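Only one structure is covered here, and it is reproduced in the block below.
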Amino acid sequence: MAEAEVEAAYVEARQVAERRTELEVAFDRARAEGDEFAEMRALQAAKDFDLAHPSRDPLFEQLHAAQMYGQPAGVAA
């Protein structure tokens, strides 16, 4: 793999991680504010994120578990 390809892969991975964190923060903020509509938008965004970036740790499942068990999204259920 060329150095440029490695750098591009690193940048993409960092951007994906940052987007995931943004969605977690938006979900946590919506829950803290009691904004159910914003919470639902964050859950839908998490589904869209998971479709675009499949992983062994789906974001939607993480946020849904937080919703069900009352934990912040950044805390594993």
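The values are calculated or read from the model by the stated rules, or taken from the named source; none is laboratory data. The structure displayed is predicted, hence computed values, not measured ones. Positions of Cβ are backbone-derived with ideal geometry, glycine not excepted, and every protein chain shown enters the neighbour counts. Ligands, DNA and RNA are excluded from the accessible area calculation, which covers all protein heavy atoms including side chains. Shrake-Rupley method; radii C 1.70, N 1.55, O 1.52, S 1.80 Å.
Subtracting the Cα-Cα distance from 0.36 nm times the residue separation, let me have the gained length for A8 to E36 in nm, one decimal.
Result: 6.4 nm gained on full extension.
Whole number in Å², please: accessible area per residue of the chain, 1.4 Å probe, ligands, DNA and RNA not counted.
Per-residue accessible area for the chain comes out at 72 Å².
Once the convex hull of the alpha carbons of the chain is built, what does its volume come to per residue, in cubic angstrom?
Roughly 86 Å³ of hull volume per residue.
Of all accessible surface on region 1-65 at a 1.4 Å probe, what whole percent is carbon and sulfur?
That share works out to 54 percent.
What chymotrypsin sites (Phe, Trp or Tyr not before Pro) in the chain are in a loop by DSSP, with at most 13 other Cβ atoms within 10 Å of the Cβ?
Passing sites in the chain do not exist.
Relative to the longest principal Cα axis of the chain, at what angle does helix 59-69 sit, 0 to 90 degrees, rounded to 10?
Once rounded, the angle reads 20 degrees.
Rounded to the nearest 10 Å², what accessible area does R20 show when all protein chains are kept and the probe is 1.4 Å?
Looks like 40 Å² after rounding.
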